[in-house]
Amino acid sequence: MHNPPCDSLGEVETPPWRDRLRAEDELLEQLETQAEAARRRRAAALKDGAEELGSVYALAKLLGLSWTAVANAIKKYTTE
C-alpha cells in the first residue's frame with residue numbers, strides 16, 4: 001500500500017527561553033566539570049611522562065611544548 005506524501009509537518013514547539021537557558025547553563029556546568037577532570041588526568045599523565053623521561057624539560061621537548069607550560073600544568077592539577 002502506498003502512503004501519499006504529507007504536505008504539512010507538525011510544528012515543533014520551542015521551549016520557553018527560560019527553560020532553554022537553564023538547560024544550557026546545566027550543560028555548561030557539566031562540561032566544566034568534565035574539562036576539569038580531563039585537566040587533572042592530563043596532568044597526571046604529564047607527571048608520569050616527566051618521571052619516565054627523567055625531567056619536565058625532556059618531556060616538553062618531546063611533546064613540542066614549553067617546559068614552563070608542562071611544569072605549570074603538573075603543579076596546578078596534581079596534588080602531590
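The values are calculated or read from the model by the stated rules, or taken from the named source; none is laboratory data. All figures in this text were calculated on a predicted structure; none of them were measured in a lab. Every residue, glycine among them, receives a Cβ derived from its backbone with ideal geometry; neighbour counts consider all protein chains shown. Side chains are part of the model used for accessible areas, which takes the heavy atoms of the whole protein and leaves out ligands, DNA and RNA. Shrake-Rupley method; radii C 1.70, N 1.55, O 1.52, S 1.80 Å.
General remarks:
- Nearest 10 degrees, 0 to 90: helix 67-77 Cα axis against the chain principal axis: 70
- Protein-only accessible surface order, largest first, of Thr33, Thr78, Thr68 at 1.4 Å: Thr33, Thr68, Thr78
- Sum of -39500 (n - 2.57) over DSSP H runs of 4+, divided by residues of the chain (222 nm, nearest 500): -24000 deg cm²/dmol
- Stokes-Einstein D in µm²/s, Kirkwood radius over Cα pairs - region 17-78 at 10 °C with 1.306 mPa s viscosity: 121
- Charge tally around Gln34: other residues with Cβ under 14 Å, Lys/Arg +1 each, Asp/Glu -1 each, net 0.
- Neighbours of Trp67 by Cβ distance under 13 Å: Lys/Arg scored +1, Asp/Glu scored -1, total +2.
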